[in-house]
Amino acid sequence: MSSADFTYDHVGATRDSGFCPPGFHPLRVRTRLGEGEAVFRQAAEALLTWELHRELGVGIETGADRAAPGVDVTITLAGVVRAPCRVVWTVEEYRRAGWAYGTLTGHPESGEEAFVVDRTGDGTVWLTVSAFSRPARWYSRAGGPATRGLQLAYARRCGKTLRRLATRGLEEF
């Protein structure tokens, strides 16, 4: 996968928790989803198959059934704003699953966003949305802090939505 197609350097940097390149704004939102292996498995599947994003109500265009490195994804917001991305890494482990995508030309922002579900040693299941970004289009620059506020609200909504998907059909979580 060539980094020439991306609108930023440091492709794949969201793998390193807490890294934010100079000139970018960091984002990190952690949401408790529930407890146990069943919650983890349902959350991981919803995340890896785009179900989370579809359930959020955003448009999602991709030719792949699952997130995988090199897969192109275009998110559409309000049917107007198109945000082309490419998956840069994925992880599917016993207690950790997720992926990250990076922005391509035409995206209103420049940067990377990761969605990772993990199950801690006590069985608690968490979603962590982490990102680094900066405005790439005139309207995202004009939005200033409001644009970052929308990104924060989106990350929080991801957590609430994935909690509902991860616990659907389970008696106790």
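The values are calculated or read from the model by the stated rules, or taken from the named source; none is laboratory data. This is a predicted model, so every value here is computed, not measured. All Cβ positions, even for glycine, are placed from backbone atoms using ideal geometry, and neighbour counts span all protein chains on display. SASA here: full protein model, heavy atoms, side chains in, ligands and nucleic acids out. Shrake-Rupley method; radii C 1.70, N 1.55, O 1.52, S 1.80 Å.
The table below lists the values:
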| quantity | calculated |
| --- | --- |
| Calculated [θ] (222 nm, deg cm²/dmol) that DSSP helices of n ≥ 4 give over the chain, each run adding -39,500 (n - 2.57) | -8500 deg cm²/dmol |
| Extreme residue, positive dipole direction of the stretch 93-173, given options Ser140, Gly111, Gly123 (C-beta unit charges) | Ser140 |
| Average accessible surface area per residue within the chain, 1.4 Å rolling probe, Å² | 50 Å² |
| Cut-off of 10 Å, at most 15 other beta carbons, DSSP loop: longest stretch of the chain lacking such GluC sites (Glu not before Pro) | 1-92 |
| Between the stretch 79-94 and the stretch 134-167, the alpha-carbon center distance in angstrom | 14 Å |
| In range of the label at Ala64: residues from the stretch 15-56 whose backbone nitrogen is under 13 Å from the point 7 Å along Cα→Cβ | 48-50 |
| For the stretch 16-135: span of alpha carbons on each principal axis (Å, largest first) | 42, 33, 24 |
| DSSP-assigned coil residues among chymotrypsin sites (Phe, Trp or Tyr not before Pro) in the stretch 58-112, each with at most 15 further Cβ atoms within 10 Å | Tyr94 |
| Only Lys, Arg (+1) and Asp, Glu (-1) charged, at Cβ; the stretch 39-173 dipole about Cα centre in debye | 500 debye |
| Gain in span if fully extended, Arg28 to Arg164, counting 0.36 nm per residue against the direct Cα distance | 46.9 nm |
| Sites Arg54 and Leu152, calculated FRET efficiency, Cβ-Cβ separation with R0 22 Å, nearest 0.05 | 0.55 |
| Among Pro26, Pro84, Pro145, residue whose mean-square fluctuation peaks in a GNM of the chain (springs only between Cα atoms under 10 Å) | Pro145 |
